[in-house]
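A short write-up of the structure that comes next.
The values are calculated or read from the model by the stated rules, or taken from the named source; none is laboratory data. These numbers were taken from a predicted model, which means no experiment stands behind them. Here the Cβ positions follow ideal geometry from the backbone for every residue, glycine too, while neighbour counts run over all protein chains shown.
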Amino acid sequence: MKEKKKSGRLILWILVAMIIGLFTGYVINQHLTTQKLKWSETLPNTIQQPKVKEAVTKALVKYENKVFKEQKKKAASYFSILSDIFLHLIKMIIAPLVLAVLVMGVAKVGDFKSVGRIGLKTLIYFTSATLIALALGLVLVNLFEPGKVMHLDLPEVNASTGIKADAQDAKNFIDHVIPESLMRSMAANDILPIVVFALFFGIAAASVGQYGLPIIKAFDSLSHVMFKVTHYVMNFAPLGVFGAITAVVIQQGLDVLSGYVYLIACFFGGLLFFVFGILFLIALVFKINYIRLLTDIKEPVLLAFSTASSESAMPKTIEALEKHGISNRIVSFVLPLGYSFNLDGSIMYMTFATVFIAQSYGMDISAADQIKMMLILLITSKGMAGVPRASLVVIAGMLSMFNIPGEGLLLLLAVDQLLDMGRSATNVIGNAVASAVVARLEGEKF
């Protein structure tokens, strides 16, 4: 009862922080807008020649926009410090927490055969969910055609996006998955190599009998300590949310939403369909009480949404799923893998955004090429785990592969933070359902 009160209080404070952040960001954005340089409205009037006047006006407008953008960025940076502090604290927790809970989970499973069985079920589910998410992204973008409907102003040719395309190959994927150094992987918060090490270590610890008991107990103690640290860190969540929301609204304003309403509605509608349609049906098939599951994970979902980071919600998601009744051995195995292999919201966005950019440029991507894109993303999306703004990096690679102008990414950057909030929340729900499904396949009742 006490834990529920604390959870409810944290959710309330996060909601309050979001509202205050929206208001603060809007006020500062409007203040900066009124202070914006307006030389382009006065200086050109002193020039008589029409062509010279037009050229000077364009140059001044460009300069004013550059100065205005820098002012907004500087003002936003003061608030983003709060979100940076919170996210750094979260990242401080993740590596030791994942290592501790996964070693414990694998040690409880006990042998390669059992781990292999659970792993196979997990990967089959992840692959199926990924294909559904990729296909849904294509269905949405082809059905509603946001790129054709919206008529956005296209970026200048060869304009810099700041996003580097990174085509994945087999060597890069193996280098990313197999840990060369555990310490290096933990320092970089690279989840997948930590998972691979923990699998081997947990099985080895269980297989040596009594000699492994002290170290298993040590990891058990470490996991309890890290969950306690998580509780301390979560007290900073409202400040982190306030900083993140305020910084975004200062830079983007609320006016930017009006030009992207159709795109936002299409994508968020797709996310809602995935969460309350597809995931609900999956839960129904496996006899999972979906409403109760959503209720139990509402705190990490809200945290992921407000910070636009599913990573920030990971420690709380582990706790919430165990309280829901799913065993530690399943949660500690499935959830860390899910953060590399089962980011449903982000995966859906990859096909949706790629075809949206093609539509904006008047390009028609054939059905065969869209299927090819989907199959390529099924593989390449897995190799991008741990990369900042991973969705955009993968999309940049797709644009290059299908000869779609790379500067088209600029069409999305204005609202990417908002779309990322929806993606992150969906990722958390998708991984919660994955854990519940694997637990059901293992015969667990909860």
- [ ] Restricting attention to region 320-339, report how many residues are modelled with pLDDT under 85 and among the charged types (D, E, K, R).
- [x] 1
TODO: Tell me, please, whether a residue that is touching a helix residue (DSSP H, G or I) at 6+ places or on another chain (Cβ under 6 Å), more than 19 Å from residue 77 (Cα to Cα) and modelled with pLDDT under 90 can be found in region 26-39.
DONE: yes
TODO: Answer yes or no as to whether residue 248 is out of contact with any Phe, Trp or Tyr (no Cβ under 7 Å at 6 or more places or on another chain), modelled with pLDDT of 90 or more and either among the β-branched types (Val, Ile, Thr) or within 20 Å of residue 79 (Cβ to Cβ) (or both).
DONE: no
TODO: Answer yes or no as to whether residue 225 is surrounded by fewer than 16 Cβ atoms within 10 Å (Cβ to Cβ), among the β-branched types (Val, Ile, Thr) and closer than 30 Å to residue 152 by Cβ.
DONE: no
Task: Close pairs from region 375-399: first more than 15 Å from residue 342 (Cα to Cα) and among the charged types (D, E, K, R), partner modelled with pLDDT under 85 and not in a helix (DSSP H, G or I), Cβ under 7 Å, at least 6 apart - done: 389/163
- [ ] Please give the helices (runs of 4 or more DSSP H) falling wholly within region 81-197 in which 3 or more residues are small (Gly, Ala, Ser), modelled with pLDDT of 85 or more and buried (at least 19 other Cβ atoms within 10 Å of the Cβ).
- [x] 112-144
Task: Contacts under 9 angstrom Cβ, first residue in region 211-231 being at negative phi, partner not in a helix (DSSP H, G or I), 6 or more apart - done: none
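Per-residue answers, yes or no, for (1) surrounded by 24 or more Cβ atoms within 10 Å (Cβ to Cβ); (2) out of contact with any Ser or Thr (no Cβ under 8 Å at 6 or more places or on another chain); (3) more than 25 Å from residue 153 (Cα to Cα); (4) not β-branched (Val, Ile, Thr):
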site: 267; (1), (2), (3), (4): yes, yes, no, yes
site: 276; (1), (2), (3), (4): no, yes, yes, yes
site: 294; (1), (2), (3), (4): no, yes, yes, yes
site: 308; (1), (2), (3), (4): no, no, yes, yes
site: 313; (1), (2), (3), (4): yes, no, yes, yes
site: 319; (1), (2), (3), (4): no, no, yes, yes
